[in-house]
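Read the structure below first, then the notes.
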Amino acid sequence: MPTFDIENTYKETVVGIDEAGRGPWAGPVVAGAVVILDKNISPFLLNNLDDSKKLSPKKRELLYQELFSEQEKGHICIGIGEASCQEIDDKNILQATFLAMKRAAEKLKIPPQFAIIDGNRTPKDFVCPTRAIIKGDSKSFSISAASIVAKVYRDKKMQKLAEKYPYYGFEKNAGYGTATHIAALKKYGITPEHRKSYKPIKEIISKA
């Protein structure tokens, strides 16, 4: 379970950052940035925040709502950034992820002085000094909160795209290569939201 141990090693204002959507074949990559200003946050958050992948969609949604409720109370500060599938194709997924992280940090109303970022690499030329934390979303409350924000926000985005492109199952697969998604690609081809630089999409294009 995450703690404040990593955050407590810094005197500066620390932001936790995580992303969602590096693996899918369609849609944007999204980053969440969370600064916890007051560690006396909702007990529900303290008892339930964790790596978003370990939580049910219902639990993630409840935590997402609670995080924004705590922001309204001034206890935390949230930023969300994204990079489009076009930017993913132009820059590659790693650089697009870093771009989304920068955009998320830049949207924070309180400028961070230090960033702890989930993973083993950090963006260059960031808004503040950075540190990579492997499996940070299960170690740090800030990163865990950021993972929830990124995941739920992206899922909501994919649900909206499902209304625009109804055959691909985006509302359920979030752009990952499920059987429904593959069947729709073979029947209807790609959409403007598909990542043309990804191998499975390249193969669909080559056979069209």
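Things to note:
- Under the condition of being assigned to a helix (DSSP H, G or I), more than 11 Å from the chain's Cα centre (by Cα) and closer than 14 Å to Val14 by Cα, the residues counted in the stretch 128-158 number 3.
- Among the residues of this structure, Ala96 counts as one that is out of contact with any Lys or Arg (no Cβ under 8 Å at 6 or more places or on another chain) and buried (at least 22 other Cβ atoms within 10 Å of the Cβ).
- Selection from the stretch 159-208 of residues that are assigned to a helix (DSSP H, G or I), among the small types (Gly, Ala, Ser) and either within 19 Å of Gly21 (Cα to Cα) or in contact with a Leu (Cβ under 6 Å, 6 or more places away or on another chain) (or both): Ala162, Ala179
- Annotation note: of Tyr168, Tyr188, the sole residue that is surrounded by fewer than 20 Cβ atoms within 10 Å (Cβ to Cβ) and of a type in the set (Ser, Thr, Tyr) is Tyr188.
- Residue that is nearest to Ala33 (Cα to Cα), among those in the stretch 104-121 that are over 11 Å from the mean Cα position of the chain (by Cα) and buried (at least 18 other Cβ atoms within 10 Å of the Cβ): Ala105
- Some residue of the stretch 27-47 being under 22 Å from Phe170 (Cβ atoms), touching a Gly at 6+ places or on another chain (Cβ under 6 Å) and in a loop (DSSP other than H, G, I, E, B): yes
- Odd one out for Arg195 among (1) surrounded by 18 or more Cβ atoms within 10 Å (Cβ to Cβ); (2) under 14 Å from the mean Cα position of the chain (by Cα): (2)
- Looking only at the stretch 14-48, residues that are surrounded by 17 or more Cβ atoms within 10 Å (Cβ to Cβ) and either over 17 Å from the mean Cα position of the chain (by Cα) or more than 21 Å from Gly81 (Cα to Cα) (or both) come to 6 in all.
- Only one of the numbered conditions (1) surrounded by 17 or more Cβ atoms within 10 Å (Cβ to Cβ); (2) more than 28 Å from Trp25 (Cα to Cα); (3) touching a residue at least 60 places away in the same chain (Cβ under 8 Å) is not met by Glu66, and that is (3).
- Gly175 falls short on exactly one of the conditions (1) under 26 Å from Ala150 (Cβ atoms); (2) surrounded by fewer than 19 Cβ atoms within 10 Å (Cβ to Cβ), and that condition is (2).
- Any hit, the stretch 75-87, residues being outside any strand (DSSP E or B), farther than 17 Å from Phe4 by Cα, modelled with pLDDT of 95 or more and of a type in the set (D, E, K, R): yes
- Only a single item in (1) surrounded by fewer than 18 Cβ atoms within 10 Å (Cβ to Cβ); (2) modelled with pLDDT of 95 or more; (3) more than 30 Å from Phe44 (Cα to Cα) is not met by Lys124, and it is number (2).
- Residue match in the stretch 16-23 (condition: among the acidic types (Asp, Glu) and part of a strand (DSSP E or B)): yes
The values are calculated or read from the model by the stated rules, or taken from the named source; none is laboratory data. Remember, it's a predicted structure, so these values are computed and weren't measured experimentally. In this analysis, Cβ positions are derived from the backbone assuming ideal geometry, glycine residues included, and neighbour counts consider all displayed protein chains.
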